[in-house]
Amino acid sequence: MVYIVKKNGKKEKFSKAKIIKACKKAGATRKTAGVVANVISKRVVEGMSARRIGELTILSLKLRDKKTAISFAKYFNKNWK
């Protein structure tokens, strides 16, 4: 299991389910959310920041669904100031 570093500095197990949930909240279909989560899970390395995972999620969404990528980015950027 890979551990990532959250905004507050705590370590947490990486969860594909969280990527899927966040993408679906932004408006992605279940299929698109699953594809994005699979892509991200292959790129995550030990100690990667949650912020970087969010950035990768936005990039992956942009390739598949620009409207959802914009929605996700608005929420992500609002919460990472």
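The values are calculated or read from the model by the stated rules, or taken from the named source; none is laboratory data. Remember, predicted model here, so these are calculated numbers, not experimental data. Heads up, the Cβs are rebuilt from the backbone with ideal geometry, glycines too, and the neighbour counts pull from every protein chain shown.
Every listed requirement among (1) in contact with a strand residue (DSSP E or B) (Cβ under 9 Å, 6 or more places away or on another chain); (2) modelled with pLDDT under 95; (3) not charged (D, E, K, R) is met by N79 save one, (1).
For the criterion of being in contact with a Lys or Arg (Cβ under 8 Å, 6 or more places away or on another chain), surrounded by fewer than 14 Cβ atoms within 10 Å (Cβ to Cβ), at pLDDT 95 or above and aliphatic (A, V, I, L, M), V2 passes. Note on the range 57-68: residues that are buried (at least 17 other Cβ atoms within 10 Å of the Cβ) and without any contact (Cβ under 8 Å) to a residue 24 or more places away in the chain total 1.
Per this entry, K78 is counted among residues that are charged (D, E, K, R) and either crowded, with 18+ Cβ neighbours inside 10 Å or part of a helix (DSSP H, G or I) (or both).
Could you check the range 27-52 and list, in sequence order, the residues that are in a loop (DSSP other than H, G, I, E, B) and either closer than 16 Å to E12 by Cα or modelled with pLDDT under 95 (or both)?
Going through the range 27-52, the residues in a loop (DSSP other than H, G, I, E, B) turn out to be 27-29, 44-48.
Matches in the range 27-52: V44, V45, E46, G47, M48.
Looking at this structure, is K13 surrounded by 12 or more Cβ atoms within 10 Å (Cβ to Cβ) and basic (K, R)?
Details: surrounded by 12 or more Cβ atoms within 10 Å (Cβ to Cβ): no; basic (K, R): yes.
No.
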